[in-house]
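What follows is a set of notes on a single structure, which appears directly below.
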């Protein structure tokens, strides 16, 4: 069976050029990047080049990049690190109800420690109103965290406007750009953010590597303590092969960004048009315009979304019913609930997230499969 992969927001296939870039550091260039001898400095040079490439993808400087084990750690470092560095029980953090669990769980942890957390609402398209943010900021607010693009519905937030509001109040601003990086242009200088999280495995790089952008001049929040790695910003021997792979993935993503965005947008629109035309009642969730070009979240009222996803998988088509981090939890999508959907409406959706390897024939096969399965499942 020829399988089709439409779950790129969960993870992406490792690009062959990324694997080739990593191999020397898995075999012969094995030195510890903190060692002063030739072996260590050879590893250090590979890591320095990767740091430059990560910075280039988001318009940052290399010294503003802190390598982490992934997007989750980067989010934790920003939220928990700022709370540890700048806060005290009673201080406030502002976020949204549609953030990744890496942010939401960190905020809930801080609430148990005595911090206050305010949740900025989103509209029916999954977007915040930056003007509403100003009313939530006070002298006790230490951080605002608003994700760049949502992992379930693809909604792109007005980050630049929200960051400007936070800055006008003297409040630090973090954005989780894990889903946005490599799919839409990012320029941290234009955005005005203080912290930004990215991850390797969402852009055809390896798993287990990510980075946190920390604006130059800020005292870096610290999550993992120990040695003097990453300029005292993240302790632990660096994962050089993954860092090198991450750097190459960032280079390729930047090089191909416009082409990839256009191709995936065309396929996404073809998928949506086909499903809506052939599947009665189906509707697209999220913002029609301000949305990731590769992401489509579609509701199928009256159908069991997990049953539909399982049957699609049996036909060789991989999709998801929401965030991969929530896939084992049989609950309505908290993202769609925050957008005003009922629990029933928030339980009947399928997420299709496309990549540059997908083709029009794969999309057409998926449309046929969804239409046929929807008809069969409604008869049962």
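The values are calculated or read from the model by the stated rules, or taken from the named source; none is laboratory data. Note that this is a predicted model, so its numbers are computed, not measured. No Cβ is skipped: glycine too gets one built from the backbone with ideal geometry, and neighbour counts run over all protein chains shown.
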Filter result (touching a helix residue (DSSP H, G or I) at 6+ places or on another chain (Cβ under 9 Å), in a helix (DSSP H, G or I) and in contact (Cβ under 8 Å) with a residue 24 or more places away in the chain) within segment 339-367: 345, 347, 360, 362, 363, 364, 366, 367
For segment 295-315, enumerate the residues that are modelled with pLDDT of 95 or more and either out of contact with any helix residue (DSSP H, G or I) (no Cβ under 7 Å at 6 or more places or on another chain) or assigned to a strand (DSSP E or B) (or both). 295, 296, 297, 298, 299, 309, 310, 313, 314
Could you look through segment 18-40, keep only residues that are in contact with a helix residue (DSSP H, G or I) (Cβ under 6 Å, 6 or more places away or on another chain) and surrounded by fewer than 16 Cβ atoms within 10 Å (Cβ to Cβ), and pick out the one that is nearest to residue 354 (Cα to Cα)? 26
Across segment 1-20, which residue is nearest to the chain's Cα centre (by Cα) among those that are part of a helix (DSSP H, G or I) and closer than 15 Å to residue 209 by Cα? 18
Of the listed residues (43, 50), the one being buried (at least 21 other Cβ atoms within 10 Å of the Cβ), at pLDDT below 95 and under 21 Å from residue 224 (Cβ atoms) is 43
What number of residues within segment 243-294 satisfy the criterion of being out of contact with any strand residue (DSSP E or B) (no Cβ under 6 Å at 6 or more places or on another chain) and assigned to a loop (DSSP other than H, G, I, E, B)? 6
If I go through segment 172-190 residue by residue, how many of them are surrounded by fewer than 22 Cβ atoms within 10 Å (Cβ to Cβ) and either free of Cβ contacts under 8 Å to residues at least 12 places away in the same chain or farther than 15 Å from residue 56 by Cβ (or both)? 1
Of the conditions (1) modelled with pLDDT under 95; (2) exposed (fewer than 15 other Cβ atoms within 10 Å of the Cβ); (3) under 26 Å from residue 148 (Cα atoms), residue 348 clears all except one; give me its number. (2)
Yes/no for residue 271 being over 24 Å from the mean Cα position of the chain (by Cα) and surrounded by 15 or more Cβ atoms within 10 Å (Cβ to Cβ): no
Hey, does segment 213-230 have a residue that's assigned by TED's automatic domain parsing to the domain that holds residue 20, surrounded by fewer than 24 Cβ atoms within 10 Å (Cβ to Cβ) and under 21 Å from residue 14 (Cα atoms)? no
Looking only at segment 205-221, count every residue that is at pLDDT below 95 and under 21 Å from the mean Cα position of the chain (by Cα) and tell me the total. 1
What residue, among those in segment 316-338 that are crowded, with 17+ Cβ neighbours inside 10 Å and assigned to a loop (DSSP other than H, G, I, E, B), is modelled with the lowest pLDDT? 323
Looking at segment 62-79, can you tell me whether even one residue there is in a loop (DSSP other than H, G, I, E, B), in contact with a helix residue (DSSP H, G or I) (Cβ under 8 Å, 6 or more places away or on another chain), touching a residue at least 40 places away in the same chain (Cβ under 8 Å) and not assigned by TED's automatic domain parsing to the domain that holds residue 356? no
